[in-house]
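The values are calculated or read from the model by the stated rules, or taken from the named source; none is laboratory data. All values reported here derive from a predicted model rather than from experimental measurement. Using ideal geometry, Cβ is built from the backbone for each residue, glycine included, and neighbour counts are taken over all protein chains shown. Just the protein is used for accessible areas: all its heavy atoms, side chains included, with ligands, DNA and RNA removed. Shrake-Rupley method; radii C 1.70, N 1.55, O 1.52, S 1.80 Å.
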Amino acid sequence: MSLLVVGLSHRSAPVSVLERASLTADAQVKLAQDTVAAEPATEAAVLATCNRIELYADVDKFHAGVAELSTLLAQHSGVGLEELTPYLYVHYEDRAVHHLFSVACGLDSMVVGEGQILGQIKDSLARAQELHSAGRLLNDLFQQALRVGKRAHSETGIDRAGQSLVTFGLEQLAGGGDVQEWAKGKKALVIGAGSMSSLAAATLARAGVAELVVANRTFDRAERLAQILSEGDDTDVLARAVPMESVPVELTRADVAVSCTGATGLVLTAEAVARAVEGRAPAPSADAGEPVTPGGSGRTAGPDAPQGGLPATGPGTDDGCPLDLSAVQGTAGFSVLGEAAVAGMAAADLEQHAAWVDNGTPGGGQRAAAPARPGTLDPAADTDAIAALAATVATVGRIPERRRPEPAEAPHRPEPVLFLLDLAMPRDIDAAAHRLAGVRLVDIESLAEASADAPMAADVDQVRRIVSDEVAAFGAALRAAHITPTVVALRTMAADVVASEIARLDGRLPGLDDKHRAEITQTVRRVVDKLLHAPTVRVKQLAAEPGGAGYADALRTLFDLDPETVAAVSRAEDSTTQRDRGPA
């Protein structure tokens, strides 16, 4: 039997796919049950977090196992297999062990080094034990993963490299500033009372929010969390619980809201968020965010001001200009800067206008008042071009401006009055809230983008070495354990041979007294033990090395051991181990 993991995470799939493939608690249970019911697998465990979905199994056939596990993931996630396949990754045997140990240490997390994953691995193991879908392999694997994760956090500074997803999300809401300074005095709403929501509530309370409201579908859980927060020694927050029906009202009072529920649909729609901030969003400043006129400066002109930010011009206001600019300044698609085209202009007027734009006069004299503009037409040298422009005017009615338009100013976005953190998968808060004025929304997708540039601590290398050492040790122990039933069966067979020979001796020497019989029995047993000691110890050592799995088969063949006897020993050991093993 061999360990196999098939899954997808924020490293292999976009958040939109992870969101659609997310599994409810009931779906996770059904997936584990269906996996052990499938032919290639005998054990199964599901690890599902906000940024990963992984199925672990003990399989006897690699290719059949990959096909079966991939199909089951697709069926239970509701995403078609063809769509899901490009985002799946597969790890087998030692690579699968390495992957889980890396996950347990936070090396594969969205926020490197975060410790929440240990609790999620523990929950995954507990669920598999409750379902009896975890046998000896997965029990040992997950228990060891928890120990490796704890070792990494205690022996290295990996905690400095990362933080919880909650803390990272709050830092993003604070614009990278100090979370405590940002949160101080704010009113917070936490939707949900699970592990992630509880952590968010505790983090906000310690950060110094003035008021914290907890909403949950099960009111008792919300009330219990609010009581814990109110009675905490390290906080003085005013916490209270409300039913889910009160969320829209509470949102109108909140400065920051965190949501992480197991809901399959949206908890907060964009419309609900818009109603919550209505009347609270500050107005944009007077010199930013206003409509930008084509070719203009971006400032709104007064009733008597010229278009495009130019001084007033027109026949008689600027010498030599043939155009009544005020008559055409509102023409759609035009500006009067540079080589602007003017609909309905006669060829002669176009020539004259071109000369005027070129800061020349019909007589060729240069106006001293304005410097020459680059890129304009020279009436003397570009007669053919001007004629072509005139022909185009006559045909299409206007000529596009040749001059590169001035860049439009970015629209101004007012400072947020409502901060939203969505840690749920699938999302709790409508992504359209991103576009609402006065709202800052941080969700799993934006956290994934932000974490891609997050610095990693030097301790990560040390954690990687710990993982590599632990994987080697676990593999050796696993391979050694694989041969143990064969060694036990061999020693059992030897004991049976000794017992048989002693019985035969009793038949031949019926007058043998008990003292001599015991001495002879002990001598024969010592001889057998000494003969078996060296080969059995050596075969365990060899089996622990990579590629040592064949030594068990060799031992069974050399001593003609009954395969069923070996299997019975293995089943008995598994049963004893399962009885002695407590909950995760």
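Structural remarks
- Cα-only Debye scattering, segment 145-276: base-10 log of I(q)/I(0) at q = 0.11, 0.21 Å⁻¹: -0.42, -1.24
- J(HN,Hα) series, segment 236-248, from Karplus relation 6.51 cos²θ - 1.76 cosθ + 1.60, nearest Hz, glycine and proline x: 10, 6, 8, 10, 8, 10, 9, x, 4, 5, 8, 4, x
- Relative contact order of segment 30-69, taken over Cα pairs closer than 8 Å and 6 or more residues apart, is 35 percent.
- Normalised convex hull volume, segment 454-539, alpha-carbon set, Å³ per residue: 112
- Euclidean distance between Cα centres, segment 111-173 to segment 45-110, Å: 16
- Average accessible surface for segment 1-98: 41 Å² per residue, computed with a 1.4 Å probe over protein heavy atoms with every protein chain in place.
- Under-5 Å amide H pairs with Glu114, H placed in peptide plane, nonlocal only: Gln163
- Each residue of segment 178-188 was assigned a 3J(HN,Hα) from its phi angle through the Karplus curve 6.51 cos²θ - 1.76 cosθ + 1.60 (θ = phi - 60°); the sequence is 6, 5, 5, 5, 5, 7, 4, x, 7, 9, 10 Hz, with glycine and proline shown as x.
- In sequence order, segment 74-81 has phi-based couplings of 5, 4, 7, 7, x, 9, x, 4 Hz under the Karplus curve 6.51 cos²θ - 1.76 cosθ + 1.60, θ = phi - 60°, and Gly or Pro positions carry x.
- Separation in nanometres of the label points that stand 7 Å from Cα toward Cβ, at Asp178 and Thr24: 4.5
- Amide H within-cut-off set for Leu420, under 5 Å, with H built and near neighbours excluded: Ala257, Arg440, Leu441, Val442
- A full extension of the chain between Lys530 and Leu81 corresponds to an added length of 155.9 nm, given 0.36 nm per residue minus the alpha carbon distance.
- Summing charges over neighbours of Lys122, with a neighbour being any other residue whose Cβ is under 12 Å away from its Cβ, gives +2 when K and R count +1 and D and E count -1.
- Here Glu278 and Ser154 are evaluated by their C-beta separation; at R0 = 51 Å the FRET efficiency comes out at 0.55.
- Where N is the number of residues in segment 1-157, Cα Rg divided by 2.2 N^0.38 Å: 0.96
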